[in-house]
1. Among the listed residues Ala4, Ala32, Ala11, identify the single one that is more than 12 Å from the chain's Cα centre (by Cα), surrounded by 24 or more Cβ atoms within 10 Å (Cβ to Cβ) and touching a residue at least 40 places away in the same chain (Cβ under 8 Å).
2. What's the number of the only condition in (1) within 9 Å of the ligand (Cβ to nearest atom); (2) within 17 Å of the chain's Cα centre (by Cα) that Val72 fails to meet?
3. For the range 150-177, name all the residues that are more than 9 Å from the ligand (Cβ to nearest atom) and not in a helix (DSSP H, G or I).
4. Restricting the range 10-33 to residues that are assigned to a loop (DSSP other than H, G, I, E, B) and under 21 Å from Met245 (Cβ atoms), which is nearest to the ligand (Cβ to nearest atom)?
5. Would you call Thr150 modelled with pLDDT of 95 or more, surrounded by 21 or more Cβ atoms within 10 Å (Cβ to Cβ) and within 20 Å of Ala11 (Cα to Cα)?
6. Among all residue pairs at least 6 apart or on different chains, which show Cβ distances below 8 Å where the first residue, located in the range 62-77, is among the charged types (D, E, K, R) and the second is crowded, with 24+ Cβ neighbours inside 10 Å?
7. Within the range 141-153, which residues are touching a residue at least 60 places away in the same chain (Cβ under 8 Å) and over 14 Å from the mean Cα position of the chain (by Cα)?
8. Say whether the condition of being of a type in the set (Ser, Thr, Tyr), surrounded by 11 or more Cβ atoms within 10 Å (Cβ to Cβ) and modelled with pLDDT under 95 is met by at least one residue in the range 201-222.
Amino acid sequence: MLPAMEINGTAAIVSGGASGLGAATVRALAAAGAKVTVADLNEQLGQALADEVGGIFARTDVSDADSVRAAVDTAAAAGQPLRFVISCAGIGWAQRTVGRDGQPHDRAAFGKVIDVNLIGTFNLMSIGAAAVARTEPADADGARGVVINTASIAGLEGQTGQLAYSASKGGIIGMTVPAARDLAAIGVRVNTICPGIIDTPIYGAGPASEEFKAKLVAPVVFPKRLGTAAEFAQLVRALIENDYMNAEIIRFDGGIRFQPK
Ligand SMILES: NC(=O)c1ccc[n+]([C@@H]2O[C@H](COP(=O)([O-])OP(=O)(O)OC[C@H]3O[C@@H](n4cnc5c(N)ncnc54)[C@H](O)[C@@H]3O)[C@@H](O)[C@H]2O)c1
């Protein structure tokens with residue numbers, strides 16, 4: 001049998017776990033036998049999902065280190081060893097470097113996107129891994145757990161108006177290799193997923209958003225459709241269970257390459 005990090009009987013924490021990619025990840029890990037802490041700003045959706053999967057909801061603002069510390073403490077006290085630290089919380093923002101009105105990009109908006117997407121991922125990865133380090137090794141390799149961060153292909157090839165978003169996601173990509181090197185000492189692997197266009201509530205709901213999503217499909221190579229959150233969660237599970245996946249930045253995008261607009 002292949003060596004594989006066991007999910008059953010462990011604990012996991014998923015930021016942004018109330019919706020979209022995070023919610024699908026919560027369901028997949030819970031179905032595999034983990035006690036999952038849903039760490040999200042959205043109390044209503046987060047509590048409902050935690051109840052559905054027998055997990056725990058921790059109201060969390062990932063940009064606030066104290067809030068993340070409290071959520072990680074909750075996950076670590078779930079009665080099973082905390083092994084999986086998954087960052088899915090994120091926000092979008094569209095503004096050009098210099099707008100058509102001649103105004104430079106707003107400083108506060110840039111900072112907010114960096115705070116949530118980049119500092120939020122840093123907070124959960126570092127505070128979460130410190131808690132994973134306090135568990136007993138799970139196998140003969142000395143493996144204790146896995147960190148998975150969510151960037152975006154916009155962090156590799158940002159489009160017009162994606163200055164702040166791409167900077168935040170590029171930062172997450174940049175943290176991957178040094179974090180994997182740092183956390184090797186405690187038996188923790190780190191991988192970053194760069195999704196393309198995945199059908200989640202991030203694109204809103206209703207006819208206008210359906211029309212927008214239909215346009216987004218055009219440059220997808222194959223299969224000619226948006227990705228699904230369940231496919232993302234399947235990749236998270238594969239990255240956890242394959243012990244040799246480490247320090248990797250993985251495109252998950254149906255072959256799409258972004259054009260400037
Ligand atoms: N859907 C896509 O096409 C796509 C593509 C590339 C990258 N991503 C990234 O994937 C991640 C998940 O996106 P999604 O599509 O599932 O979006 P989503 O809007 O469905 O879910 C994001 C979740 O993050 C939570 N959140 C936002 N700010 C937070 C904060 N400060 N603290 C804690 N939670 C917070 C929201 O409440 C929400 O539940 C994001 O980081 C996004 O940038 C998504």
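The values are calculated or read from the model by the stated rules, or taken from the named source; none is laboratory data. Values in this document were obtained by computation on a predicted structure and should not be read as measured data. Because the Cβ atoms are built from the backbone with ideal geometry, glycine has one as well, and the counts that use them run over all protein chains shown.
1. On the way: Ala4 fails: surrounded by 24 or more Cβ atoms within 10 Å (Cβ to Cβ); Ala32 fails: surrounded by 24 or more Cβ atoms within 10 Å (Cβ to Cβ).
The unique qualifying residue is Ala11.
2. Exception for Val72: condition (1).
3. If we filter the range 150-177 for residues that are more than 9 Å from the ligand (Cβ to nearest atom), which is where we start, we get 156-164, 166-167, 170-171, 173-177.
Leu156, Glu157, Gly158, Gln159, Thr160, Gly161, Gln162, listed by residue number.
4. Start the filter on the range 10-33 by keeping residues that are assigned to a loop (DSSP other than H, G, I, E, B), which leaves 10, 16-19, 32-33.
Now narrow it down to the ones that are under 21 Å from Met245 (Cβ atoms): 10, 32-33.
Working: Thr10: 22, Ala32: 20, Gly33: 23 Å.
In this case the residue turns out to be Ala32.
5. Details: modelled with pLDDT of 95 or more: yes; surrounded by 21 or more Cβ atoms within 10 Å (Cβ to Cβ): yes; within 20 Å of Ala11 (Cα to Cα): yes.
When the stated conditions are applied, Thr150 passes them.
6. Partner pairs satisfying both residue conditions: Asp64/Asn123.
7. Asp141, Ala143, Arg144, Gly145, listed by residue number.
8. Our first condition is that a residue be of a type in the set (Ser, Thr, Tyr); within the range 201-222, this holds for 203, 209.
With surrounded by 11 or more Cβ atoms within 10 Å (Cβ to Cβ) added as a condition, the list becomes 203, 209.
Checking the rest, the ones that are also modelled with pLDDT under 95 come to 203, 209.
Within the range 201-222, one or more residues are of a type in the set (Ser, Thr, Tyr), surrounded by 11 or more Cβ atoms within 10 Å (Cβ to Cβ) and modelled with pLDDT under 95.
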